[in-house]
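Shown next, in structure tokens, is the structure this report addresses.
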Amino acid sequence: MARQFAFTRQQQVADSNTRISADTLVQRRVVAVTDLQALAPNLTIQPMKGTQSVNYHLRGVGFDDYYENNMSSVMVYLDDVAYPFSSMTDGMMFDIAGVDIAPGPTGFTHGMADTGGEVSLHTADPTPQWHGGITEDIASYARSRTTGYVSGPLSDTVSFRIAASTSHGGGWQYNPTNGEHLGDQDQTSIRAKLKWTPDDKTTVMIGGHWTTDKSELINGNPVLNLDPSWQKLPTYTSYRQTEWDIRPQFAKLIGRPDNLKPSEDNIFWGADVRFVRDLNFAKFQSVSAFETERQSEYSDEDGYDAATGDTYRNVDATAFSQEVKLLSREDRKLQWGVGMYYLRSQMHQQFFSDFTQYIGRGYMSNTYYDQNQQTFSQYVNVSYKLPFGIKLFGGLNHESDDRQIFNYHTIQYGHASYSFLPEGTLTNQLGGMLGIQKQIRSNLMMYFKISKGFKPGGFAANNTVRQEQLKPFKPESVLSYELGFKSDPIPGKLRLNGAAFYYDYHNQQQVESFLLPNYGMLGAYVNIPHSNIWGVEFNAEIHPFRHLYINQNLGYQRGTYSVFNALDTTRVNNYHSATGIYKAFYKDYSGEDMGSPKLTLSGSAAYRIQPIPKYEAELGLNWSYRDSQAMTPGGNGVYRLPPYFLLGSYASFGPTSKMWSVTVYATNLLNRQYSLTSSSDTTTYQHVPGEPRFVGGRFSFNM
């Protein structure tokens, strides 16, 4: 039963990455990228208004992209392929071999440059021996998830792997007026890989995946009435209650049924080719990929049964990427890498809104546009081992990003029509990284590094009625200082890693409000001239005595605006609620806290025994805590999400051969009521609630 800590080799790598194994993903029931925020310090992953589009923040650096047409400050990779649109990861969290979460400026060893970091998902590869397995997971609210895979050789040089997942049910929200439920999943994904090794120096991997998702969304709950002319907010007697509705006229306009619930109707697919060749003096790698999404999404953005903010969005997007790089041999004192990355994306987006019952507008609208983007990155990195366990390392990257938005139109049916001139933005940026590490003892390493990262500018693309709303925002940059250590004070018994960081943040890209007189507030992106962020992170793995294994993450961060003047949304909303008039009020937020959760905690404890020979049982607890989060600058009251603590548990039993296992589990064991994120529309400000307690069972069979 003795088990060594994982990722031993990475204990000598100068980084503060959080590495998550496949076993941990299964134990914690990570089935979507949003679940990862409970496993890493200072990480926030929030669904956009309860939809499948996702916003990432790492160490306070992030970007809230309402319409998914900009680059995230935290880039997501799947098998080394960058996903420029966050919803493309929908349905991909199955048959995962591991996850690597890297904070800080990136782009010095692969992919594209970025300011906040990256989340890298690694899927399982084909195996030279035959393997297969199936897992059935059934839980509360008629939720079910089935996953399976088969892997093995087709010849001496060719092997394959096919994996699939399907999820259904689980809708826990309901409408108290008619008893209808909301939130059922309806998602199916399949992924295939073919591996060819014609000789001992060459590997070719061909992959493909496909996902269809018709899942219902989680609806926001109104917490503030923004319009005094409108009815009072609904009063709910249960955390699970919500309301929604769609007018027949709006359903006809978008070509969907009259009984449509807030939901997705999406198809994602893609293919990639990887080529690796050992050239003796170095290794050559090439990755080519094509990804596409066809997304149709209906969301009730006022949070109740009124036609004041219903939105239907169509997205047709593609992304082609090509990376080539050359890596030196790993057994040399001087190691180096050089590479290039190219990405081209195209998007057509159209979104309809129903404001018919909102007295300030009183119409349905249609906005559509096209956007092209092309990015070319080059990078080089080098490290050199000196005597006495010292290593110097550094890197440079350059990135050119060209974006255009065009064919932009807004139609307000029966009211007005607008056409807008095209806009473009070109970013050329240079980043760098320099560091030193010292292997003080075989079980203790310390490092210090300085890095500067950039993120290109982009466009706001929401309900546009004025040309100035399309003016591009500028690139942002982060200068990072990080001091860290990795240690195994008692090998196999105690591991402790930690890091302290300071970020000098310039031109931070942030979504703010743009006040249009006699119309209301609209989302707009601004560049905050200067901010600073500092914090610490710790990870401890403890095996105090036989059978007991404990893991604990801790993250603490503070961010402060140094120079920032913006619209005071709280005061604007309060004034409008009292008078029915929109009036601009501005506030100097210099010195204000940036609002990111200050303290994040996550951990687990497992007790493993062999009650009978050749069989093992495991009892486990897991927990996570997130501090409060301000959703607007200086936000308090309803504009700040309350802190919350979640507890989960599980018990499993099966043979040590892993042929099968049975698990019972509970998530949100204490049935806490908490909010994942927030959103607003014309008449309401809403909180999007998180899941209640789920109790389930899981059976796995492997061969």
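The values are calculated or read from the model by the stated rules, or taken from the named source; none is laboratory data. Computed from a predicted model, the values in this text were never measured in an experiment. Reconstructed Cβ throughout: ideal geometry from the backbone, glycine too, with neighbour counts over all protein chains shown. Ligands, DNA and RNA are stripped out before the accessible areas are found, and what is left, the full protein with its side chains, is counted by its heavy atoms. Shrake-Rupley method; radii C 1.70, N 1.55, O 1.52, S 1.80 Å.
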Separation of the residue 259 and residue 419 label points, Cα + 7 Å toward Cβ, nm | 4.2
So which trypsin sites (Lys or Arg not before Pro) in region 177-276 are both in a DSSP loop and have at most 16 other Cβ atoms within 10 Å of their Cβ?
-> 201, 214, 232
Over the chain, calculate the relative contact order: mean separation of alpha carbon pairs under 8 Å at least 6 apart, over the residue count, as a percent.
-> 12
Between the helical axis of 569-579 and the dominant principal axis of the chain, each derived from Cα atoms, what acute angle in degrees is found, rounded to the nearest 10?
-> 20
Relative contact order (%) - region 547-611, alpha-carbon pairs under 8 angstrom, separation at least six | 53
By the Kirkwood definition, with r running over pairs of different Cα atoms, region 440-504 has a hydrodynamic radius in Å of 15.6
Quick one: Cα convex hull volume of region 114-173, Å³ per residue?
-> 129
Whole-Hz Karplus couplings 3J(HN,Hα) for region 395-405, θ = phi - 60° and coefficients 6.51, -1.76, 1.60, Gly and Pro as x, run x, 9, 9, 10, 9, 10, 10, 10, 10, 9, 10
Average accessible area per residue (Å²) across the chain - probe 1.4 Å, nucleic acids and ligands excluded | 40
Hydrodynamic radius by Kirkwood for region 84-127, inverse mean 1/r across distinct Cα pairs, in Å, is 12.0
For residue 210 and residue 653 in one chain, what is 0.36 nm times their gap in residues minus the Cα-Cα distance, to one decimal in nm?
-> 156.2 nm
Grab the beta carbon distance between residue 134 and residue 390, set R0 = 45 Å, and tell me the FRET efficiency rounded to 0.05.
-> 0.35
Express in nm, to one decimal, how much length is gained between residue 380 and residue 157 on full extension, taking 0.36 nm for each residue of separation and deducting their alpha carbon distance.
-> 77.0 nm
Over its Cα atoms, what ratio of radius of gyration to 2.2 N^0.38 Å does region 541-591 give?
-> 2.38
Compactness of region 287-352, expressed as Rg and Dmax over alpha-carbon positions, Å = 21.6, 67
Structure-derived semi-axes √(5λ) of the Cα gyration tensor in Å - corresponding label in (1) 70, 38, 24; (2) 40, 30, 26; (3) 37, 31, 27 = (2)
Set of lysines near residue 486 by C-alpha distance (under 26 Å), chain-local residues within fewer than 8 positions excluded = 333, 385, 391, 438, 449, 452, 598
Estimated [θ] at 222 nm from DSSP helical runs (n ≥ 4, -39500 (n - 2.57)) normalised by residues in the chain, nearest 500 | -1000 deg cm²/dmol
Where Rh denotes the Kirkwood radius from the mean inverse Cα pair distance, what is Rg over Rh for region 16-103?
-> 0.92
Label-point separation, residue 225 to residue 450 (7 Å along Cα→Cβ), nm = 5.7
Over all directions, region 518-610 yields a Cα convex hull whose mean projected area in nm² is 10.2
Nearest 20 debye, what's the magnitude of the dipole of the chain about its Cα centre given +1 on Lys and Arg Cβ and -1 on Asp and Glu Cβ?
-> 2160
Which loop trypsin sites (Lys or Arg not before Pro) in region 475-547, with loop taken from DSSP, have no more than 14 other Cβ atoms within 10 angstrom of their Cβ?
-> 493, 546
In region 551-608, which chymotrypsin sites (Phe, Trp or Tyr not before Pro) are in a loop and have at most 14 other Cβ atoms within 10 Å, using DSSP for the loop call?
-> 585
Residue separation between residue 318 and residue 466 times 0.36 nm, minus their alpha-carbon distance, gives in nm 50.5 nm
So for the pair residue 97, residue 201, with labels modelled 7 Å out along Cα→Cβ, what separation do we get in nm?
-> 2.3
Where does region 250-313 land on Rg/Rh, using Cα atoms and the Kirkwood Rh?
-> 1.40
Here, region 510-567 modelled as identical Cα point scatterers in vacuum has Debye log10 I(q)/I(0) at q = 0.12, 0.15, 0.18 Å⁻¹ of -0.57, -0.67, -0.78
q = 0.11, 0.12, 0.14 Å⁻¹: log10 I(q)/I(0) that the Debye formula gives for region 141-293, counting C-alpha atoms only = -0.68, -0.74, -0.86
For region 473-587, size of Cβ-based charge dipole, Lys and Arg +1, Asp and Glu -1, in debye | 220
Name the shape class, rounded, prolate or oblate, that the alpha-carbon gyration tensor gives for region 32-176, where a ≥ b ≥ c are the square roots of its eigenvalues, rounded holds for a/c under 1.5, and otherwise prolate holds if a/b is larger than b/c and oblate otherwise.
-> oblate
Solvent-accessible area, 1.4 Å probe, carbon plus sulfur percent, for the chain | 58
Relative contact order of region 473-531 (C-alpha contacts under 8 Å, at least 6 apart) in percent is 34
